[in-house]
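One structure is given below, encoded as structure tokens.
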Amino acid sequence: MNDLDYTPETLKTEEARDKTKAISSNVLDMIGIRDGKVTKPGPGISECSEDPEHLYKTRHPWSIYDTSEDDLKAGFERLREQLPKNGWKIVKYGPNESAAESLELTADSEKDRFSINAELLISKGSKRREEPMILVHVVSGCFRAPEGTNLDTEY
């Protein structure tokens, strides 16, 4: 038995990766920056501590960079405006607790068990940032692996 307050959907890891990739793509569309570069690695799988032999989650950290700080600021603001219109509830918004006090937002999907965290990493005052970017981290809730799946081979 697990300690979750929900019953995890049974899903093949490849399908969960595809779902996560689609959410990341939607987030990128909401940010709306066309001339920046986006990091390439796709979503990965990690264990759910509640039942690591049967449950897993997806994680997809990525960033958009190689564009102006003004474009990044505008893109971050578009994301903040678009998330609620696209089925996301913003649960946290404002400067984070890092030394740079980067602007950060966290949102939960109102239809799927996914959360996103986005951070605007730009220069502050006299502190110049070498590579300004928006860093995005998409994380799913737990999924149940289909019967017979060896999760050890998926991580």
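Every number here is computed from the coordinates shown, using simple stated rules; none is lab data. Model, not experiment: these values are computed from the prediction. FYI the Cβ positions are ideal-geometry reconstructions off the backbone, even for glycines, and counts take in every protein chain you see.
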**Request:** Please go through the stretch 1-50 and pick out each residue that is under 20 Å from Thr67 (Cβ atoms) and among the basic types (Lys, Arg).
**Result:** Arg34, Lys37, Lys40
**Request:** Six or more apart or on different chains, Cβ under 7 Å: which pairs go from a residue in the stretch 26-41 that's closer than 17 Å to Gly87 by Cβ to one that's of a type outside the set (A, V, I, L, M) and buried (at least 17 other Cβ atoms within 10 Å of the Cβ)? Could you list them?
**Result:** Ile31/Gly75
**Request:** Inspect the stretch 134-144 for any residue being among the charged types (D, E, K, R) and either part of a helix (DSSP H, G or I) or surrounded by fewer than 16 Cβ atoms within 10 Å (Cβ to Cβ) (or both) and give the result as yes or no.
**Result:** no
**Request:** Kindly establish whether Glu81 is of a type in the set (Asp, Glu) and within 14 Å of Met30 (Cβ to Cβ).
**Result:** yes
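Regarding Ala118, is this residue closer than 23 Å to Leu11 by Cβ and crowded, with 17+ Cβ neighbours inside 10 Å? Steps first, answer last, please.
Numbers: closer than 23 Å to Leu11 by Cβ: no; crowded, with 17+ Cβ neighbours inside 10 Å: yes.
Criteria not met by Ala118.
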**Request:** Determine, yes or no, whether Glu14 is free of Cβ contacts under 8 Å to residues at least 40 places away in the same chain, closer than 30 Å to Arg144 by Cβ and among the acidic types (Asp, Glu).
**Result:** yes
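Please work out which residue is surrounded by the fewest Cβ atoms within 10 Å (Cβ to Cβ), limiting yourself to the stretch 28-83 and to residues that are assigned to a loop (DSSP other than H, G, I, E, B) and among the basic types (Lys, Arg).
Lys40
Quick check: anything in the stretch 119-128 within 18 Å of Lys92 (Cα to Cα), touching a Phe, Trp or Tyr at 6+ places or on another chain (Cβ under 8 Å) and part of a strand (DSSP E or B)?
Initially, the stretch 119-128 is screened for residues within 18 Å of Lys92 (Cα to Cα), giving 119-121.
Retained after the next criterion (residues that are touching a Phe, Trp or Tyr at 6+ places or on another chain (Cβ under 8 Å)): 120.
Imposing the further condition that a residue be part of a strand (DSSP E or B) reduces the set to 120.
Checked against the condition, which is being within 18 Å of Lys92 (Cα to Cα), touching a Phe, Trp or Tyr at 6+ places or on another chain (Cβ under 8 Å) and part of a strand (DSSP E or B), the stretch 119-128 yields at least one hit.
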**Request:** For Pro95, work out the one condition from (1) more than 30 Å from Lys12 (Cβ to Cβ); (2) surrounded by 13 or more Cβ atoms within 10 Å (Cβ to Cβ); (3) under 19 Å from the mean Cα position of the chain (by Cα) it doesn't fulfil.
**Result:** (2)
**Asked** Going through the stretch 31-60 one residue at a time, which ones are in contact with a helix residue (DSSP H, G or I) (Cβ under 6 Å, 6 or more places away or on another chain) and either over 22 Å from Met133 (Cβ atoms) or of a type in the set (Asp, Glu) (or both)?
**Response** Ile45, Tyr56
